[in-house]
Amino acid sequence: MKRFLTLCVAASCLLTQTVVQADASQSPEMQTVSESTAVQKAPDTQKKKKGNLSRERYAQILTDNGYRYDLDTRNLRWIPLPHSGDEYIIDVWVKLTQESPDSGSDGTYTYPAKYYLAHYYVRPKTRQIQFISELEVTGGRPDNTVKGRGYQAQNWEDLTPDSIEDVIYESAVAHVGKNKLGGSSHGNMSIRDAVEEYLRIAL
């Protein structure tokens, strides 16, 4: 009887040792699988980062005389031409920031505390632009009290090739087509056509 019990204990010890060795031999494989899974997830993370970068608010369009011009793509939109029932124009804001002397020396760019916000109307139908107002911002956020000369029908200006206004015009027309309610054809739309187009997009 004692011999039988001794054999059972020995068999149990051998079985336990076999299971432990099997687990130890499988652990490197499990680590390999985990590492492979981590490698596969890395590209998805990179795609998300790229997607966030593509939705940046400001798009740099020009540098001139120590100033950087950035187009505000978030507030870029079509609006009806004042005192007109069958034409649309583009409402656009441009951010002007003075570049610091050491800007870009270490591969990075930091905005100084002071900058300007310039407001323009762009008229694709006649290839004209109109300056509306400019706001100086010193530290923090701008106040929601912009004062300017406002819209005047006689203040439309023809474009001079390669001027700052020409670059702003071309950039506004190029970027407004990416907005949900924007499109290069809206410049010649009637209000009825525009409403039907907006309803079609909404549906």
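Read-outs throughout are calculated quantities, based only on the coordinates presented, and are distinct from any laboratory measurement. Computed from a predicted structure; not experimentally measured. Cβ sites come from the backbone with ideal geometry, for glycine too, and all protein chains shown count toward neighbours.
A cut-off of 5 Å between modelled amide H atoms, ignoring neighbours fewer than 5 places along the same chain, links Ile132 with His119, Tyr120, Tyr121. Couplings 3J(HN,Hα) for region 133-139, derived from phi with the Karplus relation 6.51 cos²θ - 1.76 cosθ + 1.60 (θ = phi - 60°), are 6, 9, 10, 8, 10, 10, x Hz, where x marks Gly and Pro.
Here the Karplus curve 6.51 cos²θ - 1.76 cosθ + 1.60, taken at θ = phi - 60°, turns the phi angles of region 56-67 into couplings of 4, 5, 9, 10, 5, 10, 6, 10, 7, 6, x, 10 Hz, with x standing for Gly and Pro. Close amide-amide hydrogen proximity is noted between Ile89 and Ile79, Leu81, each under 5 Å apart and 5 or more residues distant or on a separate chain (H modeled in the peptide plane; Pro and chain starts excluded).
Peptides 135-141, 82-88: what's the order by average Cβ count within 10 Å, highest mean first?
Details: 135-141: 10.3, 82-88: 13.6.
With the highest mean Cβ count within 10 Å placed first, the list reads 82-88, 135-141.
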